[in-house]
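One structure below.
What follows is calculated from the coordinates using simple rules that are stated; it is not laboratory data. Remember, predicted model here, so these are calculated numbers, not experimental data. Here the Cβ is made from the backbone with ideal geometry for all residues, glycine too, and neighbour counts use every protein chain on show.
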Amino acid sequence: MKNTLPIEELKGVGEKTGKLFRKLGIETVEDLLHDYPRAYDKMGAPVPIGQLKENEAGAVEGVLLQPAGLVRLKGLMLVTASLRDLTGSLQLSWFNMPYMRSRLQTGTPYIFRGRIVKKRGRLVMEQPEVFSPEEYMPQAGSMRPVYGQTKGLSNKTIAKTVSQALSRRELVRDYMPEEIRRRLELAEYNFAIQHIHYPANEQELLFARKRLVFDEFFFFLTGVRRLKQSRSTKPSDFIMKPAKETHELLASLPYALTGAQMRTWKEVEADLSGGNVMNRLIQGDVGSGKTIVALLALVMTAANGFQGALMVPTEVLARQHFASIEELLKSSGLDFTPVLVTGSMTAKEKREAYHKIQCHEADIVVGTHALIQEKVIYSRLGLVITDEQHRFGVGQREALGKKSTEGPPHVMVMSATPIPRTLAIILYGDLDISLINELPASRLPIKNCVVGTDYRENAYRFIAGQAAAGHQAYVICPMVEESEMIEAENVLDYTKTLRQALPDTVTVEYLHGRMKGKEKNQIMERFAAGQIQVLVSTTVIEVGVNVPNATVMMIENAERFGLAQLHQLRGRVGRGKYQSYCIMINSSGDEEAGKRLDILNRSNDGFYIAEEDLKLRGPGDIFGVRQSGDLEFRLADIFTDAKLLKAASAEVSRLFSQDPELSLPEHEELKKQLDSYFQKSYDKLNL
């Protein structure tokens, strides 16, 4: 079967199921094959009842001495049975599965497998699967995939569909040169795709994953190399003179720039006036003041008669930047015109904005990736800035620069993702790096605490108190909705819980990545306006608006996140004059997880935290702990996979120094694959 065929070509996937798969971003067989499991359910050998662990899946072998019972509870039918051995007793329960009562025979040996919970002091296995010993034992030790799900599409259905796709797929010729595979001991591509979904054991999983992670790094770094070649030390068509307007802006600010901000601004100013095209990354913690450096560069560009563009990843952020720039220009008496371009603007608003840009009535253009649409025609575009750089792919990094018709514009990219310098040099190899490593003196340090689940009630009371004082709170959950296989808090159920736990005067709403753009914008705008007191969200708010009134960040299942990501989430609070707090719930109770989280307790320095995260990660950390949302990676994690990232960088350099155009016969398949990768990157832009 052709891997490019729509998902509906697979047996059992009709129009309704196809829509659910599309909700997860899966449209073709190829998309499904690259929808990697987010966890694995390891089929462990049966253990005595006394060795079962609360909140974990387990298997136990036993014989029912009494027939299963059936009771009705609030309209639900509950089948229950009991097991006992020398180490303890266990209750088995099945909701709305009345047929289990007749299926289970007394005196017959069974293996029951399910998640263990404690209710009224008793161990209970809920909704266990039932096997005969002959069925179960051949599966013991195997790893079953657990996928990201959506309502109406169970893990069982996804796994069954993936299994079918794997058996019917078109095998591809491995495009990675054999010498690279041999040197780094990488699995063959078809083997890796098969075994990332269905590994026989953890060793096989790590082998498959290593190959796919390497490919992600290799393609991305090839894109970075291509950008570097197109940009390297080119004479600029937009040589600028230092402008008095930047001094006027600085003089009008109600605060003085930090030493790090001023040093970075001087580097940018020297680049813009130096004769060559600027290619610079501004790295700085959340709240370190990167935006004012960007505005100074935009003002210098406008003062020299050129246009400058600022591209950000979300509409809410674009509107906030636009309003802030408009206000600062007005308060400093600078007569430059900013214009906003976003996807949700009306056709009339877009036409007016496009006209102002093309006629150079607009000096500064702010927007989302709508800025790189075909209809936007610039007039002397001299500077392009992208904010939250890690949210834009290689194609987007390239496309905005190509909007200038007079020659390559100056490029500035900003990132609040704290990445260790050794890795930043690799990931942003096409850019010079400036580091803003000081926070404004007026910022109060955030007070942190790492606690267990028994602290939740106290946390709810604290949030209620902050809301009563007129402040707001974020609550972060790792999942959008309940999963049948993964034990973690989810946004939808947690919102219901908080609405019941907090006073009626507190408005609680939710936000997650699967919501439509318009819905997300409305929620964030209401939160920014103070109409919502508590926002329950996934990590989508990592790249969020500036809400100085938000004083509490509570993170559920904190052990599931990378330290650098937790630090970024924490950076959503503490942005105003009020004391702010970060409450991290360690749901695992695991001592090692507690030690890792304690680093955040001790430090508010993102770059120190990133370095510590890098030291702590190892090949065993591939489950749960992810620096989610970075760059274009589905599997790869720059912390866990740092060694492989460095190896991929070395291989890209070696390959292209030997065969710059990939014209040798042995590189033909790789060239095709890379061309396809870049094309897909551009297709995502809807250009």
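For Glu352 and Glu188, compute 0.36 nm times the residue count separating them, minus their Cα-Cα distance, and round to one decimal in nm. Don't skip to the answer; put the middle values down first.
Details: separation 164, 0.36 × 164 = 59.04 nm, distance 5.33 nm.
Length difference between fully extended and current span is 53.7 nm.
Between segment 96-171 and segment 492-519, how many Å separate their Cα centres?
Spelled out, the Cα-based centre of one part sits 31 Å from the other.
Go through segment 572-578 residue by residue and turn each phi into a ³J(HN,Hα) via Karplus (6.51, -1.76, 1.60, θ = phi - 60°); whole Hz please, and just put x for glycine and proline.
6, 10, x, 9, x, 8, 8
How many nm is it between the label spots at Ser324 and Asn601, if each spot is 7 Å from the Cα in line with the beta carbon?
About 3.3 nm separates the two model spin labels.
Based on the Cα atoms of segment 101-175, what semi-axes does the equivalent ellipsoid have, where each is the square root of 5 times one gyration tensor eigenvalue, given in whole Å with the largest first?
Values: eigenvalues 216, 65, 32 Å².
Computed over segment 101-175, the values are 33, 18, 13 Å.
Can you bin segment 488-571 into rounded, prolate or oblate? Criterion: square roots of the alpha carbon gyration tensor eigenvalues sorted a ≥ b ≥ c, rounded for a/c under 1.5, prolate for a/b above b/c, oblate for the rest. Can you show the working numbers first?
Values: a/c = 1.38, a/b = 1.16, b/c = 1.19.
Note, shape of segment 488-571 comes out rounded.
Which whole-number percentage describes the relative contact order of segment 163-243, with Cα contacts under 8 Å and a sequence gap of 6 or more? If you can, show how the numbers build up before the last one.
Working: 34 pairs, mean separation 16.6, N = 81.
Contact order relative to length: 21 percent.
Rounded if a/c is under 1.5, else prolate if a/b is larger than b/c, else oblate: which is segment 47-153, with a ≥ b ≥ c the root eigenvalues of its Cα gyration tensor? Could you put the intermediate results ahead of the total?
Details: a/c = 1.30, a/b = 1.03, b/c = 1.26.
Here segment 47-153 falls in the rounded category.
Using packing as a proxy for protection, rank 463-475, 336-348 so that the peptide with the highest average count of other Cβ atoms within 10 Å comes first.
Numbers: 463-475: 19.9, 336-348: 16.5.
Sorting 463-475, 336-348 by mean packing, highest first, produces 463-475, 336-348.
For Val339, what charge total do you get from the other residues with a beta carbon under 13 Å from its beta carbon, if Lys and Arg give +1 and Asp and Glu give -1?
Neighbourhood net charge equals -1.
Can you show me the helix-derived [θ] at 222 nm for the chain, built from DSSP H runs with n ≥ 4 at -39,500 (n - 2.57) apiece and divided by the number of residues, rounded to the nearest 500. Walk me through the intermediate numbers first.
Details: 23 runs with 264 residues, N = 687.
Calculated from helices alone, the mean residue ellipticity at 222 nm is -12000 deg cm²/dmol.
Antiparallel versus total DSSP beta bridges in the chain: what percent is that, nearest 5? Walk me through the numbers before you get to the answer.
Numbers: 35 of 89 bridges.
If we restrict to bridges inside the chain, about 40 percent are antiparallel.
Once you list every other residue whose beta carbon is under 11 Å from the beta carbon of Glu170, what net charge do they have if Lys and Arg are +1 and Asp and Glu are -1? Intermediate values should be presented prior to the final figure.
Values: positive: Lys2, Arg168, Arg169, Arg173; negative: Glu30.
Overall, the nearby charge balance is +3.
For segment 1-141, with the dipole built from +1 on Lys and Arg beta-carbon atoms and -1 on Asp and Glu ones, taken about the Cα centre, which of Val29, Met100, Met77 lies farthest toward the positive end?
After comparing all options, I get Met77.
Return the distance in nm (one decimal) between the two label points of a simple spin-label model at Thr106 and Glu178, each offset 7 Å from Cα along Cα→Cβ.
In this crude label model, Thr106 to Glu178 measures out at 6.7 nm.
Please name which of Ala441, Ile419, Asn458 has its Cα lying farthest along the dipole of segment 401-503 towards the positive end, using unit charges on Cβ (Lys, Arg +1; Asp, Glu -1) and the Cα centre as origin.
Farthest towards the positive pole: Ala441.
Roughly how large, in nm² to one decimal, is the mean projection of the convex hull of the alpha-carbon atoms in segment 407-556? Present the calculation step by step, with values, prior to reporting the outcome.
Numbers: hull surface 52.4 nm².
Averaged projected hull area, Cα only: 13.1 nm².
For the chain, what is one quarter of the convex hull surface built on the Cα atoms, given in nm²?
On the way: hull surface 129.7 nm².
Averaged projected area of the chain's Cα convex hull equals 32.4 nm².
Based on C-alpha coordinates, I'd like the Rg and Dmax of segment 548-617, in Å.
In Å, with Rg to one decimal and Dmax whole: 12.0, 35.
Let a ≥ b ≥ c be the square roots of the eigenvalues of the Cα gyration tensor of segment 197-353; is it rounded (a/c under 1.5), or, if not, prolate (a/b larger than b/c) or oblate? Spell out each step's value before the answer.
Details: a/c = 2.11, a/b = 1.74, b/c = 1.21.
Prolate, because a/c is 1.5 or more and a/b exceeds b/c.
Using only Cα atoms, figure out Rg for segment 234-287 and give it as a multiple of 2.2 N^0.38 Å. Can you show the working numbers first?
Details: Rg = 12.8 Å, N = 54, 2.2 N^0.38 = 10.0 Å.
Scaled against compact globular proteins, the figure is 1.28.
What do you get for Rg/Rh over segment 1-113 if you use C-alpha atoms and the Kirkwood form of Rh?
On the way: Rg = 20.4 Å, Rh = 17.7 Å.
With Rh from the inverse mean 1/r over Cα pairs, Rg/Rh is 1.15.
Sequence neighbours fewer than 8 away in the same chain don't count; with that in mind, list the aspartates and glutamates whose C-alpha is under 20 Å from Lys518.
Glu315, Glu349, Glu509, Glu542
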